[in-house]
Every structure is written in C-alpha cells, then in structure tokens.
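Derivation of every value follows stated rules applied to the coordinates shown; laboratory data play no part. For clarity, every value in this text was computed on a predicted model and none was experimentally measured. Every residue, glycine among them, receives a Cβ derived from its backbone with ideal geometry; neighbour counts consider all protein chains shown.
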Amino acid sequence: MKVGFVTIGQSPRTDIVSDIASLLPGIDIVESGALDSVDRADLARLAPDGQPGDFPLNSRLRDGTPVTISKAKIYPLMQVAVDTVVAQGAAAVVVLCTGEFRHLHAPVLVLFPERLLTHFVQAALPEKACLGVLAPLADQVSAVQSRWRTICPETRVVSLSPYAGFDQGVEAVRDLAGCALIVLDCLGYSQRHKAAVHERTGAPVVLARTVVARTVQELLLSS
C-alpha cells in the first residue's frame, strides 16, 4: 500500500514522517511539498500580505529553515503536490497541516488533520472543561482561538513555534496549566514537544501527527 504525504513546506519532511512511519509498518510512503519547486528568491511572493482572510502558516524548508507562508497563495501549489503523489501511485493522501484545506481533491481518499484533530478533541474533552491549544505563530492566535471555541468556549491559546525558539519559550505553556486537555495544533510538533508541554502543565496532550498516523493505521492496515 502506497500513501502520499503532502506538506505545505518542502519535502521530504524527515522531522514528521519518521514519527509517522514508525506506526505504519508495511506502508510505502511518498512525499511532495507545495514549496518543492520554489527557490528562496521566490519565497517572498508567498509570504502573507495582511489581506483579510489571508491566514499565515508556519512550515520549514528541506534544510530545516523555518518559513511563514500565506495559505491562500499556496493553495494551488498544494493541489499540485496532491496530484504529484497520486501520479506516483498513492492509494490515499494525507495533508501534513492542521490548517483548513478541504477544497483539495483527488480520486483517492484524502485525510485532513484539521478535521481529524477537531473531532478527536471534541470526543475526548470533558464537558465544561478548559481546552489549551499550542499554535506556531502569534499572528494565528486570534483565528485559532475562534476555531477551537466552536468546540470549547473556554479555550486558551499560546503561540510557540516548533521550528525555532521552542526551548527558549517553552515556559510560556505554563499559562495552559489547569486545562483538561491540550492540543498541539500543528504537524510540526513532535513527541519531544508533547513531553515538554505535559511536564509543565500536567495535562493530557494531543499530538496531531500521531492522531493522523493512527487514523491511517486504522483505515488502511489490515492488522
């Protein structure tokens, strides 16, 4: 079985897919990225420009360099990346971003982490509890808080990038102490980030990449 993983940055995403692959024995993984054909000189044109509804996204380049890009501007490039892995024989496609990309299409199953994460948290969060959310960018906080408040009115959001400055800023997650559940709202967060957040808050922490991996496992593996 071949599964395509599509990133908003550049592939391969060794930082994400290594964790996912360990949970998916027997799956042949192919990757593609929205920025694979974009060189550094052209990255500036894909940056957010502050227009209404232009949501900033945080990702990384192939060499690990963090990059902030506009969701609206990379949407067409994401569709190209989806088409690329399908052309390589992927029987399913996973979007490696918790942003909303529901208009992407393919002739095979497409899994959207934003939907998986939302429903997972909705099912696991106790009623009338506080939800904590970690988001990569300060510019995302308002929109992220609005989205999660549709699930839980008492939602607190802290911004901290998984790609740069996490260790220096991690004490900020103590602001989420007392929340019944904390969700790391980006595929860039790793098991190490999850452990650091749990250590400082004592709360259960939901890691997006393993929620996605276990969904693929449930749907596509026979045992």
Mean Cβ neighbour count within 10 Å, used as a protection proxy, ranking 81-88, 69-76 highest first: 81-88, 69-76
Give me the base-10 log of I(q)/I(0) for the chain at each q in 0.08, 0.09, 0.14, 0.17 Å⁻¹, Debye formula, one uniform scatterer per Cα, rounded to two decimals. -0.27, -0.34, -0.86, -1.26
Subtract the Cα-Cα distance of Arg102 and Ala123 from 0.36 nm times their separation in residues, and report this length gain in nm to one decimal. 5.5 nm
What is the ratio of the Cα radius of gyration of segment 98-147 to 2.2 N^0.38 Å, with N the residue count, to two decimals? 1.37
Computed P(r) (all Cα pairs; segment 36-139; 10 Å bins; percent): 12, 37, 35, 14, 2
Nearby aspartates and glutamates by direct alpha-carbon distance to Lys71 (threshold 15 angstrom, same-chain neighbours under 8 apart not counted): Asp49, Asp54, Glu100, Glu114, Asp139
To the nearest 0.05, the calculated FRET efficiency linking Glu154 and Asp49 through their beta-carbon distance, R0 being 22 Å, is 0.10
In whole percent, the Cα-Cα distances of segment 93-184 spread across 10 Å bins from 0 upward as 15, 44, 31, 9, 1
